[in-house]
Amino acid sequence: MKSAADFIDRYARYVFPLPAVLAIVVLIVAPVLTNFVLSTYDYFVGGRPIFIGVENYTRAFGDARVWNGIRNTFYFTFTAVPLQLLLGLGIAVLFNREFFGRPLARTIILLPMVATPVAIALIWALMFNPSLGVLNYFLESLGLERSLWVAQRSLAIPSLVLVDTWQWSPMIALILLAALQGVPIEHYEAARIDGASGWQSFWHITLPGIRSAIVVALILRSVDALKTFDIIYVITEGGPGIASETLNVLAFKTGFQFFHAGYAATLLIFLMTIVLAIAYLLNIVRRRT
């Protein structure tokens, strides 16, 4: 026991980080390496894997469906995230002020974020139903025409963006609200004495004060939105046709419906590369803020 304690004391800087390093290796490094190796094989589940090198990558570069998936992934992400940022910022500014019922309002606004994504997707799928959905009932009540929502190619991704925005805008609001409460109130008082308007105070005090938090929220939501799978698959399964089929959904279909594990691994390498590239660029922006 004494020798073991002496060993730990002597090599504490290696022993204590070891569990975290092992967890990273087992949960992250090993699966990524396995996926990369699998992408170099022509392997259908139940068959014999055949080494083909980079042929899966060559095929993916020439596959119009892959490019459609990449385009839909960017369309969904870069539509949803800015919208969520604007709504989240507005909610944070509102909840940073004192008003009656603020604690209850804060609790209610966070409910979409803590709900199960699949359950949310099932509820929204019912709401989007062209015949029985409550959304078309509201449109008719306002004297507007009924909509096909996710059954219409041009509206499929915007409808999914609506769901994602409803669910995740509260998370951005929570991050920005915490940052807002760290902005010194003295700055606003000094600006008010100098005759600054509310908009000028917001532009010159509020935004600079929470700039780092905004970038962090963008990084978290962008990375997560690029990998979104649950609400897209449950609501549309990538349809109608392939109108809302993101790269993540295409990889799932390739691996678990068509059982082409090698090609599915290649698509996931593509997705991982895109996520890492965007996360890297956003981190550069964060360091410069």
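Given R₀ = 51 Å, what would the calculated FRET efficiency be for A4 paired with L94, taking r from the Cβ atoms and rounding to 0.05?
0.35
Of R97, R59, R153, which is the most mobile in a GNM of the chain whose springs link Cα atoms less than 10 angstrom apart?
With Cα springs under 10 Å in the chain, the top fluctuation among R97, R59, R153 is at R97.
Picking from E55, E140, E237, which is most flexible by a Gaussian network model of the chain using Cα springs under 10 Å?
Its mean-square fluctuation being the largest, the pick is E140.
Sequence gap at least 6, Cα distance under 8 Å: using those rules, report the relative contact order of the chain to the nearest whole percent.
Relative CO of the chain lands at 29 percent.
Along Cα→Cβ, 7 Å out, is where each label goes; now give me the distance between the ones at V26 and V134 in nm to one decimal.
4.4
Where in the range 121-136 does the label zone of D230 land, with the point 7 angstrom along Cα→C-beta and an amide N cut-off under 19 Å?
121-128
Only one of the values (1) 6, 20, 25, 23, 16, 8, 2, 0, 0; (2) 6, 23, 25, 19, 15, 8, 3, 0; (3) 7, 31, 38, 21, 4, 0 was calculated from this structure for P(r) over Cα pairs in 10 Å bins from 0, in percent; name its label.
Recomputing P(r) over Cα pairs in 10 Å bins from 0, in percent here picks out (1).
Ignoring everything except DSSP H segments at least 4 long, calculate the 222 nm mean residue ellipticity for the chain; use -39,500 (n - 2.57) per segment, divide by total residues, nearest 500.
Rounded to the nearest 500, the figure is -22000 deg cm²/dmol.
Go ahead and run the numbers for FRET between F78 and F258, Cβ-Cβ distance against an R0 of 41 Å, rounding to 0.05.
That gives a FRET efficiency of 0.90.
How many angstrom separate the Cα center of the range 131-165 from the Cα center of the range 231-249?
Their Cα centres are 16 Å away from one another.
Calculate the spin-label point distance for L104 paired with S197, positioning each point 7 Å from the Cα along the beta-carbon direction, and give it in nanometres.
Distance between label points: 3.5 nm.
For the range 178-199 and the range 1-56, write down the distance between their C-alpha centroids in whole Å.
First find each Cα centre; the distance between them is then 50 Å.
Can you tell me the order of 5-17, 206-218 when each peptide is scored by its average per-residue count of other Cβ atoms within 10 angstrom, highest first?
Ranked from most to least packed, the peptides come out as 206-218, 5-17.
If you stretched the chain out fully between S212 and W67, how much longer would it get, using 0.36 nm times the residue separation minus the C-alpha to C-alpha distance?
In short, 48.9 nm is gained.
Where in the range 78-93 is the amide nitrogen less than 17 Å from a point lying 7 Å along the Cα-to-Cβ axis of H187?
89-90, 92-93, by backbone N distance to the label point.
May I ask you to compute the full-extension gain from V45 to L33, defined as 0.36 nm times their residue separation minus their alpha-carbon distance, rounded to one decimal in nm?
2.4 nm
Any read-out appearing in this document is the output of simple, stated calculations on the displayed coordinates, not a laboratory observation. The structure presented is a predicted model; accordingly, all values stated were derived computationally and were not measured. Cβ atoms come from the backbone with ideal geometry, glycine included; neighbour counts cover every protein chain shown.
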